[in-house]
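For reference, the structure is listed below as structure tokens.
The values are calculated or read from the model by the stated rules, or taken from the named source; none is laboratory data. Please read these numbers as outputs of a predicted model, since none were measured by experiment. Ideal geometry is used to build each Cβ from the backbone, glycine not excepted, and the neighbour counts take in all protein chains shown. Please note that ligands, DNA and RNA were not included when accessible areas were found on the heavy atoms of the full protein model with its side chains. Shrake-Rupley method; radii C 1.70, N 1.55, O 1.52, S 1.80 Å.
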2 protein chains.
Amino acid sequence: MQDKKYIYLDNASVTRLDERVLEEMKPYFFDTYAIPTSETGYSMGIEASEALDKSRETIANALGAEKEELIFTSSSTESSNMALKGVAMALGDKKGKHIIVSKIEDFPVLNSAKTLENQGFKVTYLDVDEDGLVDVENLKESITDETILVSIQHANQEIGTIQDIEAIGHVCHEKNVIFHTDATHTFTRVPIDVKKLPVDLISISAHTIHGPSSIGAIYIRKGTPIKKWVDGGFQEFNKRAGIENIPGAVGFAKAVELVTPEENKKIQEMRDHVISRIMSEIPQTTLNGHPKRRIPQNANITFEFVEGESITLHLDMRGFAVSTGSACFHRSLKASHVILGIGGDPERAHGSVRLTMSRYNTMEDIDAVADALVEVVGKLRAISSLGK
Amino acid sequence: MQDKKYIYLDNASVTRLDERVLEEMKPYFFDTYAIPTSETGYSMGIEASEALDKSRETIANALGAEKEELIFTSSSTESSNMALKGVAMALGDKKGKHIIVSKIEDFPVLNSAKTLENQGFKVTYLDVDEDGLVDVENLKESITDETILVSIQHANQEIGTIQDIEAIGHVCHEKNVIFHTDATHTFTRVPIDVKKLPVDLISISAHTIHGPSSIGAIYIRKGTPIKKWVDGGFQEFNKRAGIENIPGAVGFAKAVELVTPEENKKIQEMRDHVISRIMSEIPQTTLNGHPKRRIPQNANITFEFVEGESITLHLDMRGFAVSTGSACFHRSLKASHVILGIGGDPERAHGSVRLTMSRYNTMEDIDAVADALVEVVGKLRAISSLGK
């Protein structure tokens, strides 16, 4: 590869680790590596326990939560599995077997719902409008006496649309239904305060905010009926088993501290700039997702008459990493269920390109990718068999 | 704390990270951080995919397995949950709802079995003899037409006894029953070759061999009926969802490479030395676990008339970290189910101390802890209210 800077714009899939996060983790690799449950046995355990406790508090506070309400997991994927299956185990036999999700949830929620469906649960998959928004009235009508859980994402992984989780949560709580939201793509980027928001369970992860791989968490509002899902030891207030990942927790907390409102503003400016340039300079393009209610880091655009796959490959040759359709689906090349969910056809899904900005991007990167897109889309259209 | 070296001997709970492991991981934090499923989209994904593939091969080879049989998880805890619950989901409705485990399994297996019991499965908890060994004839008699899975650990987490998994596996396979073994405490320390051993599922982890936190794996023999347990994306041959932890996988592979037969021999010499010194210099002590069939790193000894908790605290003041009873149970001070399982009474359990050697211990450490134990046990017995 040329000596040119490689510009990574697939930050929804995973982000580069921040060096400051690694520095914070190092003492827990090499000096204070004990497990915190050993605190009753030896002093290194106390230090480990304090580090875990402090990290828990930092992350809980970023949600407006108490630290006892924050359970570390290995990922937001695990958190969402626990949310759906843990509530199903707690209430399935007691209250009912009906769960409601949106059609454009990310796969951890969608496929956990499908597993529960195979086990005898009834699942309602709510439609969304062309911007990706759930209709709150429709949700209200879907809730029955059997409904135990509503799981609707805070923002979409592909098109970035932010749901009205306040209104959704109020509907759930009026009807005495537990409300889970997957906040993987909003945590620290879009404010969440559980003291004000009627939400009971929240999935979050470090991998989207320059934190370490393989650490996530679930917020569990005090008193929420949910069973332990990962069985084993008595870690995490006996709510999730497994040797505690102290370096991961410490790194996650540092990653949370490093996100600032200024950074989010800068990221949003880059996003607005790239959308504005593409929409004005490249004809026959569609912005996927809500024009206003969207996460600061996401731009998702369909280029008519071109395959997203071709665009990503041609951009890669020019030194840019972007994604198309759903990252998890890359291998199968199936049309994104999100674009289909907002009423797009398979062509619109296949022609979509997602750019996700992060701390490590600059306005120069954004101009460079916009220039490259103008060139690449122009060339591909010239040879396209898909349309004019 | 004094400027004295702190000697950590609780390596069964977690081990210090090896600096060489971190060095190997670094490029995947900062340079090649893409997700491997993006390999169809951009070049950084290819590099990530290759790193994952190579790590998978290294770890699979250490078990004599094909790389397609090795699935990364977040921990051996998750692996064991998947083994028990995944097989239960695959065969519970088709073949039967009977599972067999030993009474001294570690909590991930034991409590997964209990969860399945609550869901209508029948679980047989096999007794072990005074050395901790399962009676293979007893196992054979326990298997019924309804039995779908036998889960018996390779070696015990507390007393180090190594089961005869070859004989156990043969019994299982003669009866057409799937055999899972938790090899968390044997992987790379005691040879396992799945080409020769009749075992279908194996749980392993990096945290016991100076690898990173929060990465484990499960070996799944080709053709073994097991359902996906962590739902979400299509990672890991569609057997386990979640953004791949590439730095973790790379670090795990490096940790595997760093364990040598020479190291295991050195560790075993330290173990033999500490057992020999304690048994000859401190009267009224019992070695817990099998005298010969035990993992090289484990010594577990009961000191009569003394609380293990007192010993660990007094050793800590002198700069040694050791554990007592089950680490997971530290907070509750319940008697270890393992010591009770081998016929011990609660006193024997409470008076037990576990020393686990690692790469970072020396024979000098071992002599120092033996000296300290002689002193501490002597003083505690002088003031003991538990016996003479």
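Report the charge-dipole magnitude of chain B in Debye, nearest 20, computed about the Cα centre from +1 at each Lys and Arg Cβ and -1 at each Asp and Glu Cβ. Display every interim value, and only then the final one.
Values: 43 positive and 56 negative charges, 93 e Å.
That gives chain B a dipole magnitude of about 440 debye.
For trypsin sites (Lys or Arg not before Pro), the sites in segment A:35-127 that DSSP calls loop and that have at most 11 other Cβ atoms within 10 Å are A:K94. Accessible area of B:M279 (1.4 Å probe, protein heavy atoms only, ligands and nucleic acids ignored): about 80 Å².
Check each residue of segment B:60-82 and keep those whose accessible area, probe 1.4 Å, is at least 30 Å² smaller with all protein chains in place than in the chain alone; give them in order of residue number. At a threshold of 30 Å² (probe 1.4 Å), the residues of segment B:60-82 that become less exposed are B:S74, B:T77. Expressed in Å, the radius of gyration and Dmax of the Cα atoms of the protein assembly as shown are 26.9, 97. Heavy-atom accessible surface of B:L17, to the nearest 10 Å², is about 10 Å², with a 1.4 Å probe and all protein chains retained.
Which lysines have a Cα lying under 27 Å from the Cα of B:K292, excluding residues fewer than 8 positions away in the same chain? Here the lysines satisfying the reach criterion relative to B:K292 are B:K103, B:K140, B:K195, B:K196, B:K265, B:K266. Label positions at B:D93 and A:M279, each projected 7 Å from the Cα along the C-beta direction, are separated by 4.7 nm.
Please find the FRET efficiency linking B:R20 to B:D53, where r is the Cβ-Cβ separation and R0 is fixed at 30 Å, and quote it to the nearest 0.05.
Details: r = 21 Å, r/R0 = 0.70.
With R0 = 30 Å, the Cβ-Cβ based efficiency is 0.90.
Applying 1/(1 + (r/R0)^6) with R0 = 45 Å to the Cβ-Cβ distance of A:E263 and A:Q119 gives a FRET efficiency near 0.60.
Legend: calculated FRET efficiency, B:N238 to B:N61, from the Cβ-Cβ distance at R0 = 22 Å, rounded to 0.05, equals 0.45.
Within 10 Å of each Cβ of B:8-16, how many other protein chain Cβ atoms are there on average? The shielding value for this peptide is 4. A point 7 Å from Cα along Cα→Cβ stands in for B:Q284, and the other copies hold the same point at 9.1 nm, listed in rising order.
Accessible-area rank, largest first, for A:H273, B:H170: B:H170, A:H273, with all protein chains present and a 1.4 angstrom probe.
The other copies place their B:K94 label points at 3.4 nm from this one, listed shortest first, where each point is 7 Å from Cα along Cα→Cβ.
Rounded to the nearest 100 Å², what is the buried accessible area between B and A, both sides summed, probe 1.4 Å? Walk me through the numbers before you get to the answer.
Numbers: alone 16620 and 16590 Å², together 27650 Å².
Adding both sides of the contact gives about 5500 Å².
Can you compute log10 of I(q)/I(0) for chain A with the Debye formula, treating each Cα as one identical point scatterer, at q = 0.06, 0.09, 0.14 Å⁻¹? With no solvent term, the Cα-only Debye profile gives -0.24, -0.54, -1.20.
Need one number: % antiparallel among DSSP beta bridges in chain B, to the nearest 5. Write down the numbers at each step before the final one.
On the way: 21 of 39 bridges.
For chain B, the DSSP antiparallel bridge percentage is about 55.
Seen against the Cα atoms of chain B and their longest principal axis, helix B:19-30 is set at about 30 degrees.
With protein chains left intact and a 1.4 Å probe, residues in the protein assembly as shown average 36 Å² of accessible area per residue. For B:N138, inter-copy separations between label points set 7 Å beyond Cα along the Cβ vector come to 5.9 nm, shortest first.
For the protein assembly as shown, give the share of DSSP beta bridges that are antiparallel, in percent and rounded to the nearest 5; count only bridges with both residues there.
55
In chain A, the beta carbon lying closest to the axis that superposes A onto B belongs to the residue given here with its whole-angstrom distance, A:S74, 2. With both labels modelled 7 Å from their Cα along Cα-to-Cβ, the A:D345 to A:Y360 distance reads 3.9 nm. Here's the picture: charge each Lys and Arg Cβ at +1 and each Asp and Glu Cβ at -1 in the protein assembly as shown, and of A:I301, B:Q119, B:L63 the one pushed furthest to the positive end of that dipole is B:Q119.
Using a 1.4 angstrom probe on heavy atoms only, work out the carbon and sulfur share of the accessible area of chain A in %. Let's see the in-between values first.
On the way: 7000 of 13820 Å².
Taking all protein chains in place, chain A shows 51 percent carbon and sulfur surface.
Protein-only accessible surface at a 1.4 angstrom probe places the residues A:E23, B:E19, B:E141 in the order B:E141, A:E23, B:E19, largest first.
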